[in-house]
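Undergrad: Take this structure first; my questions come after.
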Amino acid sequence: MQITKLFGYLLISSFILIGCSDDDDTPVTNTLQANNKKPLGSSANDLLSATNFNSLTIEIIAVQGFEPTSQAIQGFREFLQDRLFKPDGITITQRSIPSSGKAPFSIEEIVEIENTTRTLFNKEDDITVYVYFADGSKENDTNEQVTLGSAYLNTSMVIYEGTLRALSTRPNSPSLSTVETATLNHEFSHLMGLVNLGTPLQSEHEDPDASNHCNVSSCLMEAAIEFGSGMMGMGNVIPELDAQCIADLQANGGR
């Protein structure tokens, strides 16, 4: 049964240059799915700890021809294993679907795609996360600022794989797998409540100029993952969470 009630949510995006965006009015699609349609950051403790959920399932849906690299999936898995308490394990499922033909995407269009393609939802002691690899960019990207990924609900995120692939062809750019891994880890960290987004701060390290991001240089949660001349100068080094971000996660049930 469709529910027409709308509620606001916070959208967090990862950019080459500093920037974040907020969007409103995401529809809740089904009462049985409501636990996966909550505001961003509200499931941080459930993802981090084993209090309510002993396992995690990641449902990756990719447009045909825009699937993530195997190296990125392995790096993402290792990141999750390092940060989450899930004694019954972490499962990553993958499947490909035809293009929606809607690129560039508004966040409302991404939500519509999730509503028609997501098949896995929280069940018993297994919490699920939906990741969509899109065959294009986010609307309103410019030559100076592009969006790499967006976390938009408590268990939902999108990776703009079309943008990542375009970047990886530029001279002196990081490898595709490096940018994919960094973007996956960054956006999932928002689902885990970073920074000050459902996981309380243990110290003052939120960037006053970029809400829900870290002010520590080179941290994974910087608003701009910047090394040298920005994202394009980071080389094949995947940023890591700094000690203050890790302390926040540990205080909220994580590793």
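Undergrad: Report, by residue number, each residue of the stretch 68-93 that is crowded, with 16+ Cβ neighbours inside 10 Å and either of a type in the set (Gly, Ala, Ser) or within 16 Å of the chain's Cα centre (by Cα) (or both).
TA: Pro68, Ala72, Ile73, Gly75, Phe76, Phe79, Leu80, Arg83, Leu84, Ile92 - these are the residues of the stretch 68-93 that are crowded, with 16+ Cβ neighbours inside 10 Å and either of a type in the set (Gly, Ala, Ser) or within 16 Å of the chain's Cα centre (by Cα) (or both).
Undergrad: What is the residue count in the stretch 56-66 for residues that are part of a loop (DSSP other than H, G, I, E, B) and either surrounded by 14 or more Cβ atoms within 10 Å (Cβ to Cβ) or at pLDDT below 95 (or both)?
TA: Just the residues of the stretch 56-66 that are part of a loop (DSSP other than H, G, I, E, B), to begin with: 64-66.
Retained after the next criterion (residues that are either surrounded by 14 or more Cβ atoms within 10 Å (Cβ to Cβ) or at pLDDT below 95 (or both)): 66.
Count: 1.
Undergrad: Could you say which residue among Thr51, Thr69, Thr93, Thr29 is modelled with pLDDT of 95 or more and more than 30 Å from Asp207 (Cβ to Cβ)?
TA: That would be Thr93, the only listed residue that is modelled with pLDDT of 95 or more and more than 30 Å from Asp207 (Cβ to Cβ).
Undergrad: Kindly provide the set of residues from the stretch 110-144 that are polar (S, T, N, Q), outside any helix (DSSP H, G or I) and more than 16 Å from Lys38 (Cβ to Cβ), ordered by number. Spell out how you get there, then give the answer.
TA: The initial filter retains those residues of the stretch 110-144 that are polar (S, T, N, Q), namely 115-117, 119, 122, 128, 137, 140, 142-143.
Add one more test, that the residue is outside any helix (DSSP H, G or I), and what stays is 119, 122, 128, 137, 140, 142-143.
Scanning the stretch 110-144 gives Thr119, Ser137, Asn140, Thr142, Asn143.
Undergrad: Residue check, Val129 against (1) touching an Asp or Glu at 6+ places or on another chain (Cβ under 9 Å); (2) surrounded by fewer than 24 Cβ atoms within 10 Å (Cβ to Cβ), all met but one. Which one?
TA: With respect to (1) touching an Asp or Glu at 6+ places or on another chain (Cβ under 9 Å); (2) surrounded by fewer than 24 Cβ atoms within 10 Å (Cβ to Cβ), Val129 is out only on (2).
Undergrad: Within the stretch 75-84, does at least one residue satisfy the condition of being part of a loop (DSSP other than H, G, I, E, B) and at pLDDT 95 or above?
TA: To start, the set of residues in the stretch 75-84 that are part of a loop (DSSP other than H, G, I, E, B) comprises 84.
With the extra rule that they be at pLDDT 95 or above, the set shrinks to 84.
Yes, some residue in the stretch 75-84 is part of a loop (DSSP other than H, G, I, E, B) and at pLDDT 95 or above.
Undergrad: While we're looking at this one, here's another question. Going through the stretch 47-79 one residue at a time, which ones are of a type in the set (Lys, Arg) and under 16 Å from Arg165 (Cβ atoms)?
TA: Filtering the stretch 47-79 for residues of a type in the set (Lys, Arg) gives 77.
None; the set is empty.
Undergrad: So for the stretch 145-157 (the condition being over 19 Å from Leu56 (Cβ atoms), modelled with pLDDT under 95, part of a loop (DSSP other than H, G, I, E, B) and not aliphatic (A, V, I, L, M)), does at least one residue qualify?
TA: Let us first name the residues in the stretch 145-157 that are over 19 Å from Leu56 (Cβ atoms), namely 145-148, 150.
Filter once more, so that each one left must be modelled with pLDDT under 95: 145-148, 150.
When the remaining residues are screened for being part of a loop (DSSP other than H, G, I, E, B), the result is 145-146.
Pick out the ones that are also not aliphatic (A, V, I, L, M) and you get 145.
Scanning the stretch 145-157 turns up at least one residue that is over 19 Å from Leu56 (Cβ atoms), modelled with pLDDT under 95, part of a loop (DSSP other than H, G, I, E, B) and not aliphatic (A, V, I, L, M).
Undergrad: Would you be able to say whether some residue in the stretch 200-220 is within 15 Å of Phe76 (Cα to Cα), β-branched (Val, Ile, Thr) and touching a residue at least 24 places away in the same chain (Cβ under 8 Å)? I'd like the intermediate steps shown before the answer.
TA: Of the residues in the stretch 200-220, the ones within 15 Å of Phe76 (Cα to Cα) are 220.
Checking the rest, the ones that are also β-branched (Val, Ile, Thr) come to none.
No, that holds for no residue.
Undergrad: Considering only residues of the stretch 158-171 that are in contact with a strand residue (DSSP E or B) (Cβ under 7 Å, 6 or more places away or on another chain) and outside any loop (DSSP other than H, G, I, E, B), which is nearest to Asn236 (Cα to Cα)?
TA: Just the residues of the stretch 158-171 that are in contact with a strand residue (DSSP E or B) (Cβ under 7 Å, 6 or more places away or on another chain), to begin with: 158-161, 163-164.
Remaining after also requiring outside any loop (DSSP other than H, G, I, E, B): 158-159, 161, 163-164.
Details: Val158: 22, Ile159: 19, Glu161: 18, Thr163: 18, Leu164: 14 Å.
Residue satisfying both the conditions and the ranking: Leu164.
Undergrad: Then there is this: Pairs, please: C-beta under 7 Å, at least 6 apart or cross-chain, first residue basic (Lys, Arg) and in the stretch 108-119, second crowded, with 17+ Cβ neighbours inside 10 Å?
TA: Sorted first by the residue in the stretch 108-119, then by its partner, the pairs are Arg118/Glu59; Arg118/Tyr130.
Undergrad: Oh, and also: Any idea which of Phe105, Phe53 is crowded, with 20+ Cβ neighbours inside 10 Å and over 28 Å from Asn252 (Cβ atoms)? Give the derivation first.
TA: Working: Phe53 fails: over 28 Å from Asn252 (Cβ atoms).
Among Phe105, Phe53, only Phe105 is crowded, with 20+ Cβ neighbours inside 10 Å and over 28 Å from Asn252 (Cβ atoms).
Undergrad: State whether the residues of the stretch 227-235 include one that is within 20 Å of Ser42 (Cβ to Cβ) and either within 19 Å of the chain's Cα centre (by Cα) or at pLDDT 90 or above (or both). Walk me through how you get there before you give the answer.
TA: Taking the stretch 227-235 as the starting set, the residues that turn out to be within 20 Å of Ser42 (Cβ to Cβ) are none.
No: the stretch 227-235 contains no residue that is within 20 Å of Ser42 (Cβ to Cβ) and either within 19 Å of the chain's Cα centre (by Cα) or at pLDDT 90 or above (or both).
Undergrad: Restricted to the stretch 143-187, and to residues that are β-branched (Val, Ile, Thr) and over 20 Å from Pro104 (Cα atoms), which residue is surrounded by the most Cβ atoms within 10 Å (Cβ to Cβ)? Before the answer, list the steps.
TA: Our first condition is that a residue be β-branched (Val, Ile, Thr); within the stretch 143-187, this holds for 146-147, 155, 158-159, 163, 169, 178-179, 181, 183.
Add one more test, that the residue is over 20 Å from Pro104 (Cα atoms), and what stays is 155, 178, 181.
On the way: Thr155: 27, Thr178: 22, Thr181: 25.
By that ranking, first place goes to Thr155.
Undergrad: Check Ser100, Ser43 and return the single one that is among the small types (Gly, Ala, Ser) and surrounded by fewer than 20 Cβ atoms within 10 Å (Cβ to Cβ).
TA: Numbers: Ser43 fails: surrounded by fewer than 20 Cβ atoms within 10 Å (Cβ to Cβ).
Testing whether each residue is among the small types (Gly, Ala, Ser) and surrounded by fewer than 20 Cβ atoms within 10 Å (Cβ to Cβ) leaves just Ser100.
The values are calculated or read from the model by the stated rules, or taken from the named source; none is laboratory data. Source: prediction; values computed, not measured. Here Cβ is always computed from backbone atoms with ideal geometry, including for glycine, and neighbour counts include all displayed protein chains.
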